[in-house]
Structures are given as structure tokens and as C-alpha cells.
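**Student:** First the structure, then my questions, so here it is.
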Amino acid sequence: MPELPEVEVMRGYFTEAVLNLQIADVEFLDPLNKVFQSPKDLIYKNLIGHAFTDTHRIGKYLFARISNGRWLHLHFGMTGSLQVYNDDYSQPKYTRLAIHFEDGSRLAFIDSRKFGRVEIVDSPDTYQENHKLGTDLLHIKPADFVKALQNRKVAIKTALLDQKHFAGIGNWIADEMLFEVGIHPEEPCEKLSENELKALLKSAVEIVKTAIREDTHYGSFPDDFFVNYRKKGAIHPDHPHSKVASLRVGGRGTFIVPEKQKLKQG
């Protein structure tokens, strides 16, 4: 699943490739209309003859401003991505939406499993409010991060994955930051100190910024990322005597190094 770093990379790609190009045509290539959350005629009407003038991201949600004042919202589901191409022969497999520009280039929204979403929205802020999305991970203040978690009885990993508090923390990112700070994912939030919570946020921001800078994606991470060892029985080089263990927290697959991540007593 594309997480915050991958979506931020795609936001940059979108910005560099197609911003300010006039839209000449739109192809809808999902006969069952599973990815289209707005009526196709509404999408068509809002895109034809206009151009994208800006991009914005909230967590894993990408928005492109249209010159008529509205926004195209793209969510990538499990398998979504973007690709620029030039003709029918080079159209990517599983293209669900193809936006044609007057300069001859085309932008494909690709989604093999059709869990993605394409729709017209009034603004990112309105979408964020209506869908109760929290502050984007890269913009949340440490004090607000602490306030959202302190005194809660829920497991820290469950709280981190709740997009209503922080938009953009996905499963592997949560495991990565918990490993880095040495916190067990089942630890209740109320048992964590203010300094531990601030350390978690600092770790999360560093992880995400590194992933963006490295243009990483699942299966291709920096060598020192814990995600490379997210497999039961794996050996992390810093902890050769403590095999990676797997558990489920809040219904999500979770991986820890038991030697480093221990539940507090009492």
C-alpha cells in the first residue's frame, strides 16, 4: 500500500510532470466505476479545458487544484500509482483514469486492485474536516502530538494508526518508530512519558523524510530501516540474540525485537 512517503513522491512527480498543462480529454477505463467516487460526467466537466495549478497532500491523500477552483482527489488504495505516457501503445496496464493534455502527454492513474479513489472535492481542508482526518504527520507540533496521546488507555500502536489523530502513519512506519525508540507496541499510551512521546514523533518525522529523500517504496528501503527485518524469526544486526517476533495489535500485523521493546512493569 502506498504510504505517506510514496504519496509525497507522487505529489512531486505530479507537480513536475503536468502542472499548468491544459487538459484536452479524459478517459475513464474502469467499466465497473469502482474507483470513481464522483460521477464521471462531473469529473469530466471539471477537468476539460482546465489545468492543474497546485498540489497538496494530507497523510496518504493527494489533491490537485484545478484552475476552476475545485480539486481532484486521488487516493491510491492498495496498489495505486501515477505514470506519464505519450500514446495508446504505451498506456500502462491497469490504467483506470487517463488525463490527456494539449501538449500530447497523458497522466495515468493506475490501480490493479481497484481500491483507489478518484473524485472532485471542494478543497483539501473541507475533505479533511468531513472525513475527520488529523493533522499531517509532517506538520504536527510536538505539544499537540503529546496531548493527543497522553492519558489514553489504548495501545500506543493502535493510537498511532488512528488517522483521526495523525494523518499518514501507516503500519510499517508505526513499527519503525516504535523500534527506534524502544517501545513495545502494546504499551498503553498512559504509561508513556512526555519525553518518550516526543521521541516517537521525532523518529517518525526522520523516518518519513528519509524515505521521501530516498524515493523508497515497499521492498526497497534504506539498509538501516527496521522494516527490512519485519519477518518472524529475522535477526536484526544490532540484536543478534533476540529474533524478531510477530504479534497482532488492534488487528494489525506487528513486528518487534523483544530484547529492545519490552512492556513496562506495573
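**Student:** Is it the case that Glu180 is surrounded by fewer than 22 Cβ atoms within 10 Å (Cβ to Cβ) and part of a loop (DSSP other than H, G, I, E, B)? Spell out how you get there, then give the answer.
**Tutor:** Working: surrounded by fewer than 22 Cβ atoms within 10 Å (Cβ to Cβ): yes; part of a loop (DSSP other than H, G, I, E, B): no.
Taking the combined requirement at face value, the residue does not satisfy it.
**Student:** Also, I was wondering about something else. Exactly one condition in (1) in contact with a helix residue (DSSP H, G or I) (Cβ under 6 Å, 6 or more places away or on another chain); (2) part of a loop (DSSP other than H, G, I, E, B) is not met by Val26; state its number.
**Tutor:** With respect to (1) in contact with a helix residue (DSSP H, G or I) (Cβ under 6 Å, 6 or more places away or on another chain); (2) part of a loop (DSSP other than H, G, I, E, B), Val26 is out only on (2).
**Student:** Same structure, new question: Any chance the stretch 86-93 includes a residue that's surrounded by fewer than 19 Cβ atoms within 10 Å (Cβ to Cβ), within 20 Å of Leu32 (Cα to Cα) and not charged (D, E, K, R)?
**Tutor:** Checking the stretch 86-93: at least one residue is surrounded by fewer than 19 Cβ atoms within 10 Å (Cβ to Cβ), within 20 Å of Leu32 (Cα to Cα) and not charged (D, E, K, R).
**Student:** For the stretch 130-139, indicate whether the set of residues that are farther than 25 Å from Met1 by Cβ and in the same structural domain as Val249 (by TED's automatic domain parsing) is non-empty.
**Tutor:** The answer is no; no qualifying residue exists.
Here's the yes/no breakdown for (1) among the acidic types (Asp, Glu); (2) in contact with a helix residue (DSSP H, G or I) (Cβ under 6 Å, 6 or more places away or on another chain); (3) within 12 Å of Val35 (Cα to Cα); (4) outside any loop (DSSP other than H, G, I, E, B):
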{"residue": "Val84", "(1), (2), (3), (4)": "no, yes, no, yes"}
{"residue": "Leu97", "(1), (2), (3), (4)": "no, no, yes, yes"}
{"residue": "His100", "(1), (2), (3), (4)": "no, no, no, yes"}
{"residue": "Gly104", "(1), (2), (3), (4)": "no, no, no, no"}
{"residue": "Phe115", "(1), (2), (3), (4)": "no, no, yes, no"}
{"residue": "Val118", "(1), (2), (3), (4)": "no, no, yes, yes"}
{"residue": "Glu129", "(1), (2), (3), (4)": "yes, no, no, yes"}
{"residue": "Lys132", "(1), (2), (3), (4)": "no, no, no, no"}
{"residue": "Leu138", "(1), (2), (3), (4)": "no, no, no, yes"}
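**Student:** Scan the stretch 150-169 for residues that are aliphatic (A, V, I, L, M), buried (at least 22 other Cβ atoms within 10 Å of the Cβ) and either at positive phi or in a helix (DSSP H, G or I) (or both) and jot them down.
**Tutor:** Hits for the stretch 150-169 are Ile156, Leu160.
The values are calculated or read from the model by the stated rules, or taken from the named source; none is laboratory data. Keep in mind the model is a prediction, meaning the values are calculated, not measured. Here the Cβ is made from the backbone with ideal geometry for all residues, glycine too, and neighbour counts use every protein chain on show.
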